[in-house]
1. Once the other residues with Cβ under 11 Å from the Cβ of GLU98 are scored (Lys, Arg +1; Asp, Glu -1), what is the net sum?
2. Say each of THR107 and ARG121 gets a label point 7 Å from the Cα, pointing the same way as Cα to Cβ; how far apart are those two points in nm?
3. Provide the packing ranking of 54-65, 102-113, 80-91, 24-35, i.e. peptides ordered by the mean count of other C-beta atoms within 10 Å per residue, highest first.
4. What net charge do the residues around ILE123 carry, taking every other residue with its C-beta under 14 Å from that of ILE123, with Lys and Arg at +1 and Asp and Glu at -1?
Amino acid sequence: MISKKGMQFPINGKPKRRRPKSMNRVLLILVLLAMVLSGASCFRSNTTKVRGKVTFEGKPVAGAEVRFGGKTEESTTRTDYDGRYELKAAHGPAEMLELKVLWPGYTHDEIKFPGHKSEDRPIDIELRKVHAPIAPTR
């Protein structure tokens, strides 16, 4: 094969035109861009909203701190007079989400759920009193 300035001449016939290197770069950039845009939907963040009521022995707990989110972002609010809360958090589709209520002297069951396909969720939380250890007598 004999070549001259962008053309290739095969021994048996017609000349073949080669693509210039700059065109190869443009094609490579377009292919990479298409891959990035199609793959970006896998990594986009979702938003989940939770709402509910925090109670202790059936009575609303006003002013309790409620935290909701995953590893990357956590939202915080306080319960209102009726013990109600509402929170929104952005997260990745593969992230585990956690809902926590912080109120001194009280605890609740762990609340975790996966972030994929999560929708707005109503979650009511019943607090339990934490028993302090008894001080030893002398």
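1. +1
2. Distance between the two pseudo-spin positions: 2.1 nm.
3. 80-91, 54-65, 102-113, 24-35
4. Once positives and negatives cancel, what remains is +1.
Any read-out appearing in this document is the output of simple, stated calculations on the displayed coordinates, not a laboratory observation. Here the structure is a predicted model, which is why all the values come from computation and not from measurement. Note that each Cβ is placed from the backbone with ideal geometry, even for glycine, and that neighbours are counted across all protein chains shown.
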